[in-house]
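Have a look at the structure below, then the notes.
The values are calculated or read from the model by the stated rules, or taken from the named source; none is laboratory data. This structure is a prediction, so every number in the text was calculated from the model and none was measured. Heads up, the Cβs are rebuilt from the backbone with ideal geometry, glycines too, and the neighbour counts pull from every protein chain shown.
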2 protein chains.
Amino acid sequence: MSKILLAFVAAAALAAPSFAGSVETAAALRDKALTDATAWNTLESITTEIGPRPIGSPAYLRSREWAVAKLKALGFTAVHVETFPKPAWIRGAESAEVVAPFPQKLAIIGLGSSLPTPKGGIEAPVAVFGSYAEMLEQPPGSLKGKIAVVNQPMTRTQDGSGYGAAVEARSGDGEAAKRGAVAYLVRSISTGTGRAPHTGSSGGPGPHIPAAALGVPDADLLASLAARGTVRVRLNLASSINPKAVSFNISGEIKGREAADEVIVIGGHLDSWDPGTGAIDAGAGIAITTAAAKLIADLPVHPRRTIRVVLWGSEENGGSAQAYAEAHKAEVPKLVIAGESDLGADRVYQVALPQGIPGLDEVMAPLKVIVSPEPPRHGGSDIAGLQKAGVPILGVSNDATRYFDYHHSADDTLAIVDRAQLNQNVAVWASLVYLIAESGIDFHGKPGAK
Amino acid sequence: MSKILLAFVAAAALAAPSFAGSVETAAALRDKALTDATAWNTLESITTEIGPRPIGSPAYLRSREWAVAKLKALGFTAVHVETFPKPAWIRGAESAEVVAPFPQKLAIIGLGSSLPTPKGGIEAPVAVFGSYAEMLEQPPGSLKGKIAVVNQPMTRTQDGSGYGAAVEARSGDGEAAKRGAVAYLVRSISTGTGRAPHTGSSGGPGPHIPAAALGVPDADLLASLAARGTVRVRLNLASSINPKAVSFNISGEIKGREAADEVIVIGGHLDSWDPGTGAIDAGAGIAITTAAAKLIADLPVHPRRTIRVVLWGSEENGGSAQAYAEAHKAEVPKLVIAGESDLGADRVYQVALPQGIPGLDEVMAPLKVIVSPEPPRHGGSDIAGLQKAGVPILGVSNDATRYFDYHHSADDTLAIVDRAQLNQNVAVWASLVYLIAESGIDFHGKPGAK
């Protein structure tokens, strides 16, 4: 097709949203998204002007003003903040070292919700296990007075399934405590070789003991030392709880032109862990979904249905999914579908939804995105509450091959974001969400919707 | 060739060192090296039992005992320690943060020999430059009261030449001070995207001011912030000097069977920077060269000439090259050639020496190593003193493509070492050094030898 004809078709498509025209509009949105600067600028803004924003931190409070201002500046309407109580765990000074037989510092980071160590720290011999299952095989009392160490590697996969298989170990402090351990150290849930430890919520059942993640090389180091004999480690973890902290889910809308009360919910989460700047987890999710909605808002006419972008406020420590579902339970029948971008900024390779949309395959094909015939099982932590309440969900799968090299670590910064892949995400979300918004498809009651 | 015939030829080669037989022995050594465990075990030992070993640290002192014991255990003779005075710079607590307009912590690491900041630190506005040349263009006084920041990227190259082009910026505190700056921050001399900052010696001419390296993303962050307006940074660097510290060059020999006074000097350096465990810089150099010499020592008969492995004691802060050359100046005419392994453990792609050796190309071919027709210009920092004194040098080029992702940072650990490539290094050094030791070639006075 000539450039002139292409411009004509695109212009016609933008002006005349019949459903056939909608497919053309979706294709035009897709192509525009590939060079649009909104997502990059939004991601640069949050990582530069806010940086790490764990709940309970001053930066998290600043991120509230940032989010409201950003949504308004991008032309969203009905921008508002929904506050909910969420006690916050606040990190203090942390350190660890091998004391004997060969003194050496260890790279560690406390796990979210971990208990602090007593003043002066804990010094104890370690018991190292090559897998979490191996620790669970130990009888009660067998770890008495010891620091339990689980050195279980994580498998690298495109779909991120290696995380699900490995992350249980991060919540293992209760199981270690039941066996008598005085503290718990877990190899970072990471596919990388870097020394920066990866934090995350410990979040398991009690009884609780101080718990931290080791850098990958540090976990291997303890295993190597333990193979030589008794190893003594000193651990210091300080932390505090703010029981009165609040979190907030923040949203803005692109109002639908015909069925404004039918709402498509998309978004990413505003909070992040603290060692990096929260670029891939999940500044990218915010950047991608707001940029996609903004591109749709810039069309000559809005699509039929309303698009709502939500910046969920407490994903890493939980809470925003339940708060959002509770606040919006009356709206459930009118929520068309919900989707979250929370697996970084690398290219999308698959989308899944409860029912097909005419033309979707063709729109996705140039982006090398497969439309899955299987409905999604999981769409993201922050929409799990809506999903449970019966809202159909959307699955957008990022290539997660390298995501867990950086996730929850100091290396989660803008430096690891590939701008072309970020924009491919925007192209997927913009064209997909537009087609859903323009279609009259009711996904409720379809396979995969609960 | 059948396995039985191959074993026969190898055995015959090991037993009968005519020079044609030497080529066969070199090939047999090469093949044995590819599966030999000595290098890996040595590297695992130093990173696990000693860890980071900057001069002036307790670990550095322990590394002396480690080195003597390891050389003796591997069967080296004439093991001895040459002590020399070397004042040591000792790192203290360090931190930095953006104070305004958007508070955020910065990942930094003090540069070796940096001055400490005054108690309470330095807080000042920053002046950010995209290259070191750009800072040098500024007139005197133009940086008065400011923290100078150089955000100059390093180019990734196979031969490591990007380092030479970029590293001058690390010694720029004197130039910043001349223009009035109160402190100096330089983007890590790194090809990576990780947040772990890369240290190194500041080592330039004065006047000196406190100087530190920024994580790569942190340097970009300051540039992004500076593009928005005035940025204030707070910097705290503590350090001290031990003026009475000593370093040591430690060596052991495989005595030659015919010309024991003709000595081939090879080795790596014992000291390391402190954030990692000194695996690629330069535990690997020690592991590779000792393993190569050990394989040669295990032959039924030693080669004609003596092979000496030297573990140089102060490469990172300088001093061992001069001390070694001074202590061995009388020996220079008898030093056949000198070589150092100090560019990590990734595969060797080229060797260079002042003159060809019959059969060398054929021995190197299966290792995918080119024998350069050009004599080497540089063999390693620790043999620079010998080179200046007239000792011919050997150039062994590692693929340095990813070396500077990790170099001088916390990520320099055993986790990034590829065992197969480590052994390819041993195969190169063992076969090459054996051929030199067995040959009667005099490299003195040849092209490239000074």
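Remarks
- You will find that of A:E65, A:E44, A:E24, the residue that is over 18 Å from the mean Cα position of the chain (by Cα), charged (D, E, K, R), surrounded by fewer than 23 Cβ atoms within 10 Å (Cβ to Cβ) and within 14 Å of another protein chain (Cβ to nearest Cβ) is A:E65 and no other.
- Any hit, region B:399-409, residues being in contact with a Pro (Cβ under 8 Å, 6 or more places away or on another chain) and not β-branched (V, I, T): yes
- Of the residues in region A:362-379, not one is without any contact (Cβ under 8 Å) to a residue 40 or more places away in the chain and among the acidic types (D, E).
- Pairs where the first residue, in region A:305-321, is at positive phi and the second is modelled with pLDDT of 95 or more and of a type in the set (D, E, K, R), C-beta under 7 Å, 6+ apart: A:G319/A:K86
- Residue within region A:31-49 that is within 30 Å of B:P101 (Cβ to Cβ), part of a loop (DSSP other than H, G, I, E, B), aliphatic (A, V, I, L, M) and modelled with pLDDT of 50 or more present: yes
- Residue check for A:T230: of a type in the set (S, T, Y), within 14 Å of another protein chain (Cβ to nearest Cβ), over 19 Å from the mean Cα position of the chain (by Cα) and assigned to a loop (DSSP other than H, G, I, E, B): no
- Scanning region A:164-203 for residues that are acidic (D, E) and crowded, with 24+ Cβ neighbours inside 10 Å yields one hit, A:D173.
- Any hit, region B:200-212, residues being among the polar types (S, T, N, Q), farther than 30 Å from B:F84 by Cβ and modelled with pLDDT of 95 or more: no
- So A:V98, is it buried (at least 17 other Cβ atoms within 10 Å of the Cβ), in a strand (DSSP E or B) and within 14 Å of chain B (Cβ to nearest Cβ): yes
- Residue check for A:A196: assigned by TED's automatic domain parsing to the domain that holds A:E94 and farther than 27 Å from B:T48 by Cβ: no
- B:V79 away from chain A (no Cβ under 14 Å), surrounded by 15 or more Cβ atoms within 10 Å (Cβ to Cβ) and of a type in the set (A, V, I, L, M): yes
- Every residue from region A:394-439 that is assigned to a loop (DSSP other than H, G, I, E, B), crowded, with 24+ Cβ neighbours inside 10 Å and within 14 Å of chain B (Cβ to nearest Cβ): A:H407, A:H408, A:S409, A:A410, A:D411, A:D412, A:T413, A:V417
- Among the helices (runs of 4 or more DSSP H) confined to region A:106-223, the ones with at least 2 residues that are away from chain B (no Cβ under 14 Å) and farther than 28 Å from B:R195 by Cβ are located at A:132-136, A:173-178.
- Flag if A:N242 is closer than 23 Å to A:G318 by Cβ, surrounded by 24 or more Cβ atoms within 10 Å (Cβ to Cβ) and polar (S, T, N, Q): no
- Test: residue in region A:135-150 that is of a type outside the set (S, T, Y) and in contact with a Ser or Thr (Cβ under 8 Å, 6 or more places away or on another chain): yes
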